[in-house]
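The values are calculated or read from the model by the stated rules, or taken from the named source; none is laboratory data. Because the structure is predicted, anything quoted here is derived from the model rather than measured. Quick reminder, even Gly has a Cβ in these numbers, built from the backbone with ideal geometry, and neighbours come from all protein chains shown.
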Amino acid sequence: MHEEIKTGAESARGVYLVGFSGTGKSTIARLIAEQLHWPAYDLDQLIAEQSGMTIPLIFQREGEEGFRHRESEVLRQVSAQGPFVVATGGGAVIRPENRLFMAAHGWIVCLEGRAEVLHSRIQLQLKKADPDAIRPMLDAVNPLDQLRALKHSRQAVYSLADWTVHTDRLTPEQVAAEVVRALCILEQSGSPNVYE
């Protein structure tokens, strides 16, 4: 099934999962990595491990700019050898230099979802006391309105991805299968998207 995807060291291209918080990038990255026998990396998790701080604490101490700098550094670290699957943070793709870097080293797949669905998923994680569910950028009096506004401001950049998967009505396994299918098609096309 995955014969179209180069799984050995001869393939330097990986896949970067982009999209807003709550689309399931971390979960999907793990599922894809299991199917393809590629390493999976979660940028937020690696940033927290390397810094010894939680993401909210980084935002508190260093602001968004400090966090974005760390994010760009870790993005380059995990992309040193391919193939790979990277779950990026929801805002990683905002920086033009990150977009260009990802386009040069892998396929960019956007996981998409309606704001209401993403808000529900995030709230469910918070109820489960999942510390990874805390999103500093969504810390507002009305998180759903903040989510809508922030998602809208990023939508034009998300739309530049090589492929988009709508996750609202799909299980994580179905989303992962769709991403793998997309990778087969993209590998056959052989022409990465050019980001600006």
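Considering only residues that are of a type outside the set (A, V, I, L, M, F, W, C) and buried (at least 17 other Cβ atoms within 10 Å of the Cβ), look in region 74-94 and name the one that is farthest from VAL180 (Cα to Cα).
Filtering first and then ranking leaves GLY91.
Name every residue in region 15-51 that is β-branched (Val, Ile, Thr), within 9 Å of VAL85 (Cβ to Cβ) and in contact with a Phe, Trp or Tyr (Cβ under 7 Å, 6 or more places away or on another chain), in order of residue number.
Residue satisfying the conditions is VAL15 alone.
Pairs needed: first member in region 125-151, within 16 Å of ILE55 (Cβ to Cβ); second member anywhere, exposed (fewer than 12 other Cβ atoms within 10 Å of the Cβ) and at pLDDT 85 or above; C-beta distance under 6 Å; at least 6 residues apart or different chains.
none
Being in a helix (DSSP H, G or I), at pLDDT below 90 and surrounded by fewer than 20 Cβ atoms within 10 Å (Cβ to Cβ) is the filter here; which residues of region 24-57 pass it?
Those that are in a helix (DSSP H, G or I), at pLDDT below 90 and surrounded by fewer than 20 Cβ atoms within 10 Å (Cβ to Cβ): PRO56, LEU57.
Out of GLY66, GLY82, report the one residue that is at pLDDT below 95 and either touching a strand residue (DSSP E or B) at 6+ places or on another chain (Cβ under 7 Å) or under 24 Å from THR164 (Cβ atoms) (or both).
Just one listed residue meets the conditions, GLY82.
Picking from GLU65, GLU71, which residue would you name as being buried (at least 21 other Cβ atoms within 10 Å of the Cβ) and farther than 27 Å from GLU173 by Cβ? Talk me through it step by step, then tell me what you get.
Numbers: GLU65 fails: buried (at least 21 other Cβ atoms within 10 Å of the Cβ).
Among GLU65, GLU71, only GLU71 is buried (at least 21 other Cβ atoms within 10 Å of the Cβ) and farther than 27 Å from GLU173 by Cβ.
Tell me which of these ILE108 doesn't satisfy, since it passes every other one: (1) surrounded by 22 or more Cβ atoms within 10 Å (Cβ to Cβ); (2) assigned to a helix (DSSP H, G or I).
(2)
Please identify the pairs in which a residue from region 61-74 that is within 16 Å of GLU49 (Cβ to Cβ) has its Cβ atom under 7 Å from the Cβ atom of a residue that is assigned to a helix (DSSP H, G or I) and aromatic (Phe, Trp, Tyr), counting only partners at least 6 apart or on another chain.
PHE67/PHE59
Restricted to region 155-179, and to residues that are in a helix (DSSP H, G or I) and surrounded by 17 or more Cβ atoms within 10 Å (Cβ to Cβ), which residue is nearest to the chain's Cα centre (by Cα)?
In this case the residue turns out to be TYR158.
SER21 versus (1) part of a helix (DSSP H, G or I); (2) at pLDDT below 95: which is the lone unmet condition?
(1)
Give ALA115, ALA103 a once-over and let me know the one that is at pLDDT 85 or above, small (Gly, Ala, Ser) and closer than 25 Å to GLY190 by Cα. Even if it seems obvious, please write down each step before you answer.
Details: ALA115 fails: closer than 25 Å to GLY190 by Cα.
Answer to the selection: ALA103.
Taking the stated definitions as given, is ARG148 within 14 Å of GLY22 (Cα to Cα) and surrounded by fewer than 18 Cβ atoms within 10 Å (Cβ to Cβ)?
yes
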